[in-house]
Every structure is written in C-alpha cells, then in structure tokens.
Amino acid sequence: MYDIIIIGGGAAGMSAAIYASRGGMKTLMLEKTACGGQAVRTYEVDNYPGFFNAPTGEELSAAFEKHAMKFGAERVFETAREIKNPASPVKTVVTRKNAYDTRAIIIASGAEPRHLGIPGENELAGAGVSYCATCDGAFFRDKDAVVIGGGNTACEDALYLSGFCKNVYMLNRSKRFKAQKTLLDKVFADKRITVYTDMIAERFEGNGKLERVYAKNTETSARGFINASAAFIAIGITPDTGLAKQIGLETCERGFIKTDMYLKTSIDGIYAAGDARVSPLRQIVTAAADGAVAANSAINYLNNR
Ligand SMILES: Cc1cc2nc3c(=O)[nH]c(=O)nc-3n(C[C@H](O)[C@H](O)[C@H](O)COP(=O)(O)OP(=O)(O)OC[C@H]3O[C@@H](n4cnc5c(N)ncnc54)[C@H](O)[C@@H]3O)c2cc1C
C-alpha cells in the first residue's frame, strides 16, 4: 500500500515525488514513457530559475529525475490505465501488469501541443518552429516571427512577441477569431503586428533553421511566403486527462482538470498538478510549483484523516 501515487513523470510529477517522499510518504511515480515529459523535447531551457546557463530540456529533466529519487520515491515505467474506487479511502491504480493500492493520488499527466502536420514542421521544431512563445520567443529578439492561430493564446503570443521582435505576422485560417474581442483589439492596434486572415500555413522551409513560412489564402488560393526566423504554432494544447474523465473528475470544457488553490480535484484524496490542470501559465516552473503544492496538500489530507 502506497501513501501517494503520482501519475506522470514530467516536471510536475517529479517535483511532487520530491515533496511527497521527503515528507515521509511512501511514494510511487508512474511514467508511461520517459521521465521529463514535454520538457525533454525542449532544446534549451532559458527560463528555469537558477539554471541561467540554459541547460537542454534533457539535462534539466535528468537533474529533476535524480532529485525525485533522492528521498526514496519509487518509480515504474508503466501506464496508469484505470483508477478503481476513486472516492474510497483506498484507491487502486491499475496498469497493464499491476494494481497498486494507495491512499492519495496526484494526477500529473500533462498535455500535448497540437501540431499542424505540415512539411518542415517536425524537421524544424526547435530550430525556429515552436509551440511556446513564452519559452522560445526571447531567442528571436529583433527578428521576424510568425504566429499561427486565432485564439487567445495566438493573440497573447503575438502581443508578447511584438515587445521585442522586429515584425510579427499572425496567420488565421478564417475571418473569424476565437480570441476575446479585447485581446483582438490590442493585436489590431499593435503596429508591429500584421494580421492575415483566410491564411493557412502550408510548409516551413529553411536550411537547418527556419527561414520561410509558406502560406495559402483559402479564399483566393493565392500562395506566398513570409521570411521569418521563428514560427509559433498556437492552435491549442490537448490535456492528457482521459483517466480523469474516466472517473468523473470535474474538468473545464477543454478537458483540463479543475482544482482549488490546494490543487484538490472534485474527488477527495485526488490532486492534479501541472499542464493537465486549469492554469493561466504552462511552464516547467509552474508545473514544478504545482507538484510541490499538490504533494503538500496530499500529505496534509493523509495526516488529518
Ligand atoms: C516544445 C516545447 C518547448 C517548451 N519549452 C519550455 C521552456 O523552454 N521553458 C518552460 O518553462 N516550459 C517549456 N515548455 C512547457 C513545459 O515543457 C511544460 O509546461 C511542462 O513540461 C509541463 O510539465 P507537466 O509535468 O505538467 O507535464 P508533461 O511535461 O506533459 O509530463 C507529463 C508526463 O506524464 C506522463 N503520463 C501521461 N499520462 C500518463 C499515464 N496514464 N500513466 C503514466 N504516465 C503518464 C507523460 O508520459 C509525461 O511524461 C515547452 C513545451 C514544449 C512542448
């Protein structure tokens, strides 16, 4: 029997493992692939406090992993497929091979940015093509950048980038925007941002790093390209919260888990941390902070039972 089981070995899960095991809890972390989650795919992490020499995502994740195991947390590479008896004091996390009993669960299963699926996207990811303006924008100071999308995130990205990029071009697939009007008004009022509607990105091109974004006008079928060093794809992020839905946890309309300020979910003894939950910012530092809060809340919950 475990005190706390953590589902997911990304920044949130590994931070939760540090706090839970250091707090004297018998802790198990389940990870379906490799520890580190999305952060492993980041070439350079330039914004995690203390690591000012910008480690690769892999290096930072390896340091997290070492730390996560330091205080006796156990870790297995298995996928949590089911949570049995979620509302009972003893819950069971089921994988293909095993069933683990636990008194509390932290869901830190993360999320995945949506991809466009166009030529050059995979090849130039991390070399100009990015899914996170907050993470990578600063590498493109005084350069031209393209933002693809028409929702709130795309608008926020464009406004953020216009603070230091030379020009920002925003491509939206139709004339309608999903973004709030106030944000859109700011985008249209910003002299450094040029908005193209009815425009879809068709291809990314560059020799080792992004140089051009090819696009097509969906109304006229006219094609062209924009010279740019960076392209930020902001067409949404999908939470990995199938398990949460399976047990009826409350989520927002986009599937992110709802929590209170202690990161407690709608079921007693189940907490959520990191990108999988409703949050205004999804970064390594916020995921790590969430892991700490969720583990601390789970410890208090168990101590008060
Ligand atoms: C390309 C890219 C670049 C980024 N760059 C930066 C950056 O420079 N700085 C920054 O701060 N942030 C960056 N981010 C964002 C940052 O990586 C995330 O906010 C952070 O990793 C979220 O951590 P997490 O632990 O909540 O989720 P994730 O990193 O998504 O980790 C979740 C983990 O849970 C596992 N998992 C899911 N379901 C299960 C299951 N059922 N059973 C077992 N395991 C499961 C997954 O395999 C995964 O390892 C970047 C993101 C991307 C995609």
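Computed from the coordinates by the stated procedures, all read-outs in this text should not be read as laboratory data. Keep in mind that what you see is a predicted model, and the values were worked out from it rather than measured. All Cβ positions, glycine included, derive from the backbone under ideal geometry; neighbour counts span all protein chains shown.
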What do you get when you divide the Cα radius of gyration of region 197-303 by 2.2 N^0.38 Å, with N the number of residues?
-> 1.57
Which one of Lys216, Lys181, Lys258 has the biggest mean-square fluctuation once the chain is modelled by GNM with Cα springs under 10 Å?
-> Lys181
Simple Cβ-charge dipole of the chain, Lys/Arg +1 and Asp/Glu -1, about Cα centre, in debye nearest 20 | 480 debye
Mean residue ellipticity at 222 nm from the helices of the chain, using -39,500 (n - 2.57) per DSSP H segment of n ≥ 4 over the full residue count, to the nearest 500 deg cm²/dmol?
-> -7500 deg cm²/dmol
Integer Hz, Karplus 6.51/-1.76/1.60 couplings in order for region 93-102, x for Gly and Pro = 9, 9, 10, 4, 9, 9, 10, 10, 7, 8
Taking a cut-off of 18 Å between Cα atoms, list the lysines near Lys191, but don't count ones fewer than 8 places away on the same chain.
-> Lys143, Lys166, Lys181
Using the count of nearby Cβ atoms within 10 Å as a rough guide to exposure, how do Phe225, Phe64 rank from fewest to most?
-> Phe225, Phe64
If one compares the long axis through the Cα atoms of helix 11-22 with the longest principal axis of the Cα atoms of the chain, the angle in degrees, nearest 10, works out at 20 degrees
Pick out which of Ala108, Ala127, Ala230 has the largest mean-square fluctuation in a Gaussian network model of the chain, springs linking Cα atoms closer than 10 Å.
-> Ala127
Mind listing the phi-derived Karplus ³J(HN,Hα) values for region 209-215, rounded to whole Hz, using 6.51, -1.76 and 1.60 with θ = phi - 60°, and x for any glycine or proline?
-> 8, 4, 10, 9, 10, 8, 9
Mind listing the phi-derived Karplus ³J(HN,Hα) values for region 139-156, rounded to whole Hz, using 6.51, -1.76 and 1.60 with θ = phi - 60°, and x for any glycine or proline?
-> 6, 10, 4, 6, 10, 8, 10, 10, 10, 10, x, x, x, 4, 5, 4, 5, 4
Any lysines whose Cα falls less than 28 Å from that of Lys91, other than same-chain ones fewer than 8 residues away, would be Lys26, Lys32, Lys66, Lys70, Lys245, Lys258, Lys264
Given all pairs of distinct Cα atoms, region 115-233 yields a Kirkwood Rh in Å of 13.9 Å
What residues have an amide H closer than 5 Å to that of Met29, excluding those fewer than 5 places away on the same chain, when H is modeled at 1.01 Å from N in the peptide plane?
-> Ile6, Glu74, Arg75, Val76
Treating the angle as unsigned and between 0 and 90°, give the value, to the nearest 10°, between the Cα long axis of helix 284-303 and the longest Cα principal axis of the chain.
-> 20 degrees
Between Val40, Thr194, Asn304, whose Cα lies farthest towards the positive end of the dipole of the chain when Lys and Arg beta carbons carry +1 and Asp and Glu beta carbons carry -1, centred on the Cα centre?
-> Asn304
Most mobile of Phe51, Phe77, Phe256 per a Gaussian network model of the chain (Cα springs, under 10 Å)?
-> Phe51
Taking the dipole about the Cα centre of the chain, with the C-beta of Lys and Arg at +1 and of Asp and Glu at -1, give me whichever of Gly126, Pro49, Gln246 is farthest to the positive side.
-> Gln246
Would you mind telling me the antiparallel percentage of the DSSP bridges in region 115-233, rounded to 5?
-> 40 percent
Computed curve, region 69-184, Cα-only Debye sum without solvent term, log₁₀ I(q)/I(0) at 0.10, 0.11 Å⁻¹, is -0.55, -0.63
On each of the three principal axes of the Cα atoms of region 146-200, give max minus min coordinate, whole Å, ordered largest first.
-> 26, 22, 16
Over region 88-190, what is the mean sequence separation of C-alpha contacts under 8 Å (at least six apart), divided by residue count, expressed as relative contact order in percent?
-> 20 percent
On average, how much area does the Cα convex hull of region 1-135 cover when viewed from any direction, in nm²?
-> 9.6 nm²
Could you tell me the convex hull volume per residue, in Å³, taken over the Cα atoms of the chain?
-> 136 Å³
